[in-house]
4 protein chains.
Amino acid sequence: MYSFMNDYSEGAHPKVLELLMKSNLEQNAGYGEDTHTAKAKEYIKKLLGNEKADIHFIPGGTQTNLIVISSFLRPYEGVIAADTGHINVHETGAIEATGHKVITVPNREGKVIPEDILEAVRFHSDEHMVKPAMVYISDSTELGTVYTKEEIYKIRQLCNREGLLLFLDGARLGSALASRENDLELSDIAELTDVFYIGGTKNGALLGEALVIVKEELKANFRYLIKQRGALMAKGFVAGIQFEALFSDSLFYELGEHANEMAGRIGDTLKSLGMEFLAPPVSNQLFPILPDEFLEELQEEFLFSVQKSMGNGESAVRFVTSWATTPASVEALCEFLKKRFKK
Amino acid sequence: MYSFMNDYSEGAHPKVLELLMKSNLEQNAGYGEDTHTAKAKEYIKKLLGNEKADIHFIPGGTQTNLIVISSFLRPYEGVIAADTGHINVHETGAIEATGHKVITVPNREGKVIPEDILEAVRFHSDEHMVKPAMVYISDSTELGTVYTKEEIYKIRQLCNREGLLLFLDGARLGSALASRENDLELSDIAELTDVFYIGGTKNGALLGEALVIVKEELKANFRYLIKQRGALMAKGFVAGIQFEALFSDSLFYELGEHANEMAGRIGDTLKSLGMEFLAPPVSNQLFPILPDEFLEELQEEFLFSVQKSMGNGESAVRFVTSWATTPASVEALCEFLKKRFKK
Amino acid sequence: MYSFMNDYSEGAHPKVLELLMKSNLEQNAGYGEDTHTAKAKEYIKKLLGNEKADIHFIPGGTQTNLIVISSFLRPYEGVIAADTGHINVHETGAIEATGHKVITVPNREGKVIPEDILEAVRFHSDEHMVKPAMVYISDSTELGTVYTKEEIYKIRQLCNREGLLLFLDGARLGSALASRENDLELSDIAELTDVFYIGGTKNGALLGEALVIVKEELKANFRYLIKQRGALMAKGFVAGIQFEALFSDSLFYELGEHANEMAGRIGDTLKSLGMEFLAPPVSNQLFPILPDEFLEELQEEFLFSVQKSMGNGESAVRFVTSWATTPASVEALCEFLKKRFKK
Amino acid sequence: MYSFMNDYSEGAHPKVLELLMKSNLEQNAGYGEDTHTAKAKEYIKKLLGNEKADIHFIPGGTQTNLIVISSFLRPYEGVIAADTGHINVHETGAIEATGHKVITVPNREGKVIPEDILEAVRFHSDEHMVKPAMVYISDSTELGTVYTKEEIYKIRQLCNREGLLLFLDGARLGSALASRENDLELSDIAELTDVFYIGGTKNGALLGEALVIVKEELKANFRYLIKQRGALMAKGFVAGIQFEALFSDSLFYELGEHANEMAGRIGDTLKSLGMEFLAPPVSNQLFPILPDEFLEELQEEFLFSVQKSMGNGESAVRFVTSWATTPASVEALCEFLKKRFKK
């Protein structure tokens, strides 16, 4: 049975694994002070067009989020996020566990808009309330949508005016950058945000996120925080080697494109069958709305998750593709859908 | 130049890597709910002789320590450790960052003894001081020494009398179990402690520690804490597969034996040359005391760390071996030492 | 200019101050282990009809809230509160600073209802989300409304079914108990909740809240937490003496009645003038909706706060009365209102 | 039976209480934004000779310590203190509960010396260890000794060189400043430290410590932290009025002098009887070493605490005096001692 459950079902892309194998018996320095890690950082910095950016490889996304937020906020400061934001819902209170409130604004198809941020800032008016100090966005979002350059630019301007940091969670940045809706490059993100990360786990690596700190004032002593939170891997080169493989050529981009291409075929089929979506299908996560009566039947053939009941005999489900999704499995799903719904 | 700097310089043992490759394109369930992880747990439980033990795979040692301690202590409780203990010195305050004081007792060649624990408990007499609630030991210790069954048994008895939990950090348990001084089996440790872990990172894996919760009352909802601290890997199977490879046969033990065999040769050579040690050389970490004037010369040929100056023209250095240490490199070191010191 | 800004503008009720003066030069044991504190606890226990309740006097409300919540929740657990709840909005993230998420439900005139709690519990379905473990309510609420016995009983039943603790913030319990809408006695609250507090600061004391722990399992070692959070006053008798004065006779109740009587006169006047309220005026906080154009004029004569703009040329303002509010000042306000609005 | 147990057995000095009474029915602004608090700050600033110092009144010492330390340190930074320091031993892990390690150095008669600080700084060499960032000293110390200007000046110079903040806990500063060994003025302390506090609780007030922030960079948004930790008293004027009374004339100093005068008489008597002390008796805390066999007898007449057994049939005990200690009680103690020990 083929799984469209998530984008972390398989191991690493074969080229990534190959480099891990090739360098396996080398003696590398510990804690990310090895040459592979150094090379990976150079490749990424070149793409960023920013030689001064600080890059750190961290095992997972929740860890990255909690380290960034707890490192850059003072104890009484809070972070603004969409109510659907990963840090608000799906990290078991990891941010609060470091002492910080997540201040929610309504998501707009998974995204955050400046007007809502401003309202949240104004509401928090004095020392009896937490002080908003950072905006957290993710690209792609929890609903699979992506930000345009214009949208992030406007958030950036607001952040400048209100003295807020801007942090972009790029756990699925590979797919976001490959979206047909996307007009951002990595170098744009490095200019528009203060800190962001490029997700490896969901785009070809066994594990690992490349955190990029752009803002000068945030760079000092950052490795202390990584270590304190348990994220300074003894064998840091295991992450370094993987990012070296992903960024030594265009592999990282190709994997996002493949994931989107696979999702696109499913999305087009669903559209052609007249299905509606919870949010526009533009990256590797699709949220079509299907008849409840059909779900059981579909679950006999494919793995996927049910996002939420629409309350009218229909439910939004989630199909996720990845670098590892095979055209054959996509075709099987499309055929299954067509057989059932074609008039 | 060969490195005796640490036991995390190479990747994974080839058999471990092989299984990772073999299963790379399988679709596995996320977050450690896959069949490889299940198998690895079964193998380990069999060795523990405890089918009811709860096992969780966590990326690294500092993370494991901080999750265990913050999960099992109430906010006002502290953990007793040797002053040399990893949690006291080398985790950047990770335990304190979760809100708990590390209460130190003097190390006895790296170990903790019941008399010192008792004194610490008695000193903390009322609500103006933290309440000692857990004893943290590691096997092998930071000085490379190992506990005997009798020693841990006596600590256990004290813990029972004083209402303390006993937690054993087994980051280097592979080497400890293979020590000629060791008379413990994994099943003994599972009987004598409340919670402990079996280190993979330093004994053949790319990363991963197998945490074993023995005490029934500690088991509930533990995955919440793993997630909250950012240690629930999306691709949990990456750790599961590695422990499957280490424990499906006797590989884990063999790797510890190899490391100790390599260290033993170096230790025997040093002894034959009349060198003293900071602590008895019985596992894969050796702390010989060498003339300061010799260090530079040695550093031109080999990588190792200087532990501390003895203040008399000599310094204790640290040589570490691992599953990957080659006999040739050991012979080179031994020859170098002999040439220099043989009368 | 008379202030209806809040209920903590004056010092202590003269009888409270008198007892402080009378006992001022006695030598009392420190940290609340004195005889006055013991007596105060006995008086309160008698009213609770529960000799086994544990009572602790804590300087302020935010402190009490953060100590209770951080003491009784495990690290991954969250507390459910109304979106208007004091812990959610007006404590500068004090709860999050102890590591816990505040899970909000929509307020219903300031109150929480079982249906919303249940929905929140169901939404938090697995270890990727915090685990709801406590319900926080306050009586009176932030909007001045009060709970009926039936309402709290239903919340209690839900808490029993779902394994949630019930915590009642009684910073303004004196006024709540004196409300004409109230049918609860202190003994009811001690039966229906697991832990609650009786506010002294806003009902006659210089400072101090009497925390009552009813649930047996929550009692152990609680003073450790009070101390750790900096709330174990060296001169604990300063709080003890004040609660002794408030509860040695019916003073505590009389002060709540006076505050409500004063608020009632203002409320009746406003109603007679046809004013609407943000929430029913039943305790010492009133939230009438007044024409914006009138506010400046009113502010020249009286102090009060503007709660929120209604967006239609009107704003909800807040008038608060206390044990110290004088009939003369109330009459002055009522006359001023009548003169302006009487047709 | 008279108590020499501590310096927080009585209420407030009569002049302090008098001002509380006099202003009791005034309507004051909440949260320390009242005119009494403003006046108290002005009086203190004048003594400091520093109009720009930020002053905040906080209910108790443990609270002040935890707010200061958690506000001014980044998450991975630690604070250096004497092993006997209040924050290390007697605050139930309050500092660790905010996430920070207390790094201990050996006390030198209760004091900290630059050489030990420097060694601690050098030991903490990289990101695997916490980063020392603050030195905590108290004047008088836990052993009743006081710092000279020269001693603090040398610590300050070291702090400058090593980039450390200097925080002075003045819970017993009243007695320290009145010591015959003291050559510091409040203005010196304001010049030599970055932040310090002037204890009210142990020198005439019911409660309250006056925190003084001198260093410009530490001032911003400090009230947020006070609020978050539950220390922003609704009736802040209760503390403000008391400090107004203590500092509107020389009362604060006179109370320290009285306490020391009383202690001096006891100390002189003990010396004349040939008794030794754990540390030189120079402030309101004395630690004479008495024969164990005498303790019971003494305990029948006076309250005091036994500090520690000297292991040779003798114990160090603690006698504490305060502004409220009567000459008669001191004379009774001295007579009792003389009768027993005079040859």
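The values are calculated or read from the model by the stated rules, or taken from the named source; none is laboratory data. What you are looking at is a predicted structure, and each value in this text was computed from that prediction instead of being measured. We place every Cβ from the backbone using ideal geometry, glycine too, and count neighbours over all the protein chains shown. Calculation scope for accessible area: heavy atoms of the full protein, side chains included, ligands and nucleic acids excluded. Shrake-Rupley method; radii C 1.70, N 1.55, O 1.52, S 1.80 Å.
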For the full complex of protein chains and a 1.4 angstrom probe, list B:ARG172, A:ARG223, A:ARG122 by accessible area with the highest value first. A:ARG122, A:ARG223, B:ARG172
Under a point-charge model restricted to the Cβ atoms of Lys and Arg (+1) and Asp and Glu (-1), what is the dipole moment magnitude of the range D:14-251 relative to its Cα centre, in debye to the nearest 20? 520 debye
So, relative contact order of the range B:220-343 in percent, Cα under 8 Å, 6 or more apart, is 25 percent
Lysines with Cα under 20 Å of A:LYS52, excluding same-chain neighbours fewer than 8 positions away: A:LYS39, A:LYS41, A:LYS215, A:LYS219
For B:HIS86, solvent-accessible area (1.4 Å; no DNA, RNA or ligand), Å²: 40 Å²
So how much accessible area does C:SER140 have, in Å² to the nearest 10, using a 1.4 Å probe? 10 Å²
Is the C-alpha gyration tensor of the range B:91-135 telling us rounded, prolate or oblate? Criteria: a/c under 1.5 is rounded; beyond that, a/b larger than b/c is prolate, otherwise oblate. oblate
Convex hull volume of the Cα atoms in the range C:111-204, per residue, in Å³? 100 Å³
For the range C:14-250, build the charge dipole from Cβ charges (+1 Lys, Arg; -1 Asp, Glu) around the Cα centre, then report which of C:ILE241, C:GLY99, C:PRO59 sits farthest towards its positive end. C:ILE241
Test item: B:61-74 mean partner chain Cβ contacts at 10 Å: 3
If Rh is defined by the Kirkwood formula over all Cα pairs and Rg also comes from Cα, what ratio Rg/Rh do you get for the range B:165-236? 1.00
What's the average, rounded to a whole number, of partner chain beta-carbon atoms within 10 Å of each residue's beta-carbon in C:19-26? 5
Please turn the phi angles of the range A:274-285 into ³J(HN,Hα) values with the Karplus equation 6.51 cos²θ - 1.76 cosθ + 1.60 (θ = phi - 60°), one per residue in order, whole Hz, x for glycine and proline. x, 6, 8, 10, 5, 8, x, x, 10, 9, 8, 10
What are the radius of gyration and Dmax of the range B:242-321, computed over its Cα atoms and given in Å? 15.2, 50
Nearest-to-axis residue of chain A, judged by Cβ, for the A-to-D rotation, with distance in whole Å? A:GLY99, 4
Hey, for A:LYS154 with labels 7 Å out along Cα-Cβ, what do the inter-copy distances come to in nm, ordered shortest first? 4.2, 6.4, 7.2
At 222 nm, what helix-only mean residue ellipticity would the protein assembly as shown give, in deg cm²/dmol to the nearest 500, using -39500 (n - 2.57) for each DSSP H run of four or more? -12000 deg cm²/dmol
So what is the relative contact order for the range C:14-250, in percent, with contacts set as C-alpha pairs under 8 Å and at least six apart? 31 percent
Shortest first, in nm, what separates the label point of B:LEU303 from those of the same position in the other copies (7 Å along Cα→Cβ)? 3.9, 6.4, 6.8
Treating the point 7 Å from Cα along Cα-beta-carbon as the label, what are the nm separations from A:ARG180 to the other copies, to one decimal? 6.7, 7.2, 9.2
What does the net charge come to around D:PRO59 if you take all other residues with beta carbon closer than 12 Å to its beta carbon, with K and R at +1 and D and E at -1? +3
Interface area, C with A, accessible, probe 1.4 Å, both sides summed, Å² nearest 100: 1400 Å²
Hey, what's the Kirkwood Rh for the protein assembly as shown if you take every pair of different alpha carbons, in angstrom? 33.8 Å
Express in whole angstrom the spacing between the alpha-carbon centres of the range D:238-292 and the range C:235-314. 48 Å
Ignoring any ligand, DNA or RNA, what whole percent of the accessible area of the range B:155-236 comes from carbon and sulfur when the probe is 1.4 angstrom? 38 percent
Three principal axis extents, largest first, for the C-alpha atoms of the range C:37-102, in Å? 36, 23, 19
Gain on full stretching of the segment that runs from A:ASP268 to A:ASP126 - 0.36 nm per residue minus C-alpha separation: 46.1 nm
The range C:131-173: Kirkwood hydrodynamic radius (Cα pairs, Å) comes out at 10.8 Å
At 1.4 Å probe radius, can you tell me the per residue accessible area of the protein assembly as shown in Å²? 35 Å²
Could you pull the Rg and Dmax for the range B:14-250, using just the Cα atoms, both in Å? 17.4, 57
One would report the antiparallel percent of DSSP beta bridges in the protein assembly as shown, rounded to the nearest 5, as 55 percent
When each of C:LYS271/C:LYS342; C:LYS45/D:LYS227; C:LYS235/D:LYS149 is checked by Cα-Cα distance, pairs over 23 Å: C:LYS45/D:LYS227; C:LYS235/D:LYS149
Could you work out how far the C-alpha centroid of the range D:163-211 sits from that of the range C:49-112, in angstrom? 34 Å
Write down the percent of antiparallel bridges among all DSSP beta bridges whose residues are both part of the range C:14-250, to the nearest 5. 40 percent
Report, as an integer, the average count of C-beta atoms from other chains found within 10 Å of each Cβ along D:9-15. 6
